[in-house]
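Chemist: Just dropping this structure here.
The values are calculated or read from the model by the stated rules, or taken from the named source; none is laboratory data. The shown structure was predicted, so the numbers you read here are calculated from the model rather than taken from an experiment. Cβ placement follows ideal geometry from the backbone for every residue including glycine, while neighbour counts extend to all protein chains displayed. Heavy atoms of the whole protein, side chains included, go into the accessibility calculation; ligands, DNA and RNA do not. Shrake-Rupley method; radii C 1.70, N 1.55, O 1.52, S 1.80 Å.
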Amino acid sequence: MATGAAPPRGMGEIEQALLACASGDKSALRRIYDAESPRMLGVAQRLLKRRALAEEAVQDAFVLIWRHAARFDPERGSGLTWIYAILRNRSLSILRDERRTETSDTPIAEEMASEEDDPETVMSKLSDASALRACLETLPPQRRSLVLLAFVQGLTHGEIAGRLKMPMGTVKSWIRRSLISLKECLG
């Protein structure tokens, strides 16, 4: 945009900040964060039902906004629509990753395992004939523990990282790789 030229019609502060982000202006991302993060947290919390997951979604959304700001096209829609679409998509991905369902308040494996059980105790409670058990046994013990904490006890990546004093990125990547191995094993 030429100096002194009026912003394109309909170009608000968010749109201008997104275009500045695309040019590498970190202060523009800060302006978006200051203006929208409280509302974004509220939206994410309504979708995810848990504050820790909502905070993760908002943080991830801002990383994606920064990385992909050059993809924003003010001719195709408003900046707010674009930002909240990123937040919604990230929240839905987290829901899928965390295997959260609203159909039941009772965890599937509640009758088999209690929250106090350590991952190896949970593992021993699984049926010996289970193909899943056989595949879980192929995983290294620490990675198996992460999978069991996430999917049997229902802990988030952040909760697992805190409990085991591990970096969040390590927890996420180990769980992701473990799930790929289990999928291959189960056919």
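Chemist: Count, please, the residues in the range 29-70 that happen to be over 14 Å from the mean Cα position of the chain (by Cα), touching a residue at least 12 places away in the same chain (Cβ under 8 Å) and more than 11 Å from Leu87 (Cβ to Cβ).
Modeler: The total comes to 9.
Chemist: So, one more: Go through (1) open to solvent by less than 80 Å² (accessible area, probe 1.4 Å); (2) at pLDDT below 90 for Ala85 and report which single condition fails.
Modeler: (2)
Chemist: Related question: From the list Ala44, Ala52, Ala70, exactly one residue is open to solvent by less than 50 Å² (accessible area, probe 1.4 Å), modelled with pLDDT under 95 and in a helix (DSSP H, G or I). Which is it?
Modeler: Numbers: Ala52 fails: open to solvent by less than 50 Å² (accessible area, probe 1.4 Å); Ala70 fails: open to solvent by less than 50 Å² (accessible area, probe 1.4 Å).
When all the criteria are applied, what remains is Ala44.
Chemist: Is it true that Arg163 is basic (Lys, Arg), at pLDDT below 90 and surrounded by 12 or more Cβ atoms within 10 Å (Cβ to Cβ)? Full working, then the answer.
Modeler: On the way: basic (Lys, Arg): yes; at pLDDT below 90: yes; surrounded by 12 or more Cβ atoms within 10 Å (Cβ to Cβ): yes.
For Arg163, the condition - basic (Lys, Arg), at pLDDT below 90 and surrounded by 12 or more Cβ atoms within 10 Å (Cβ to Cβ) - is met.
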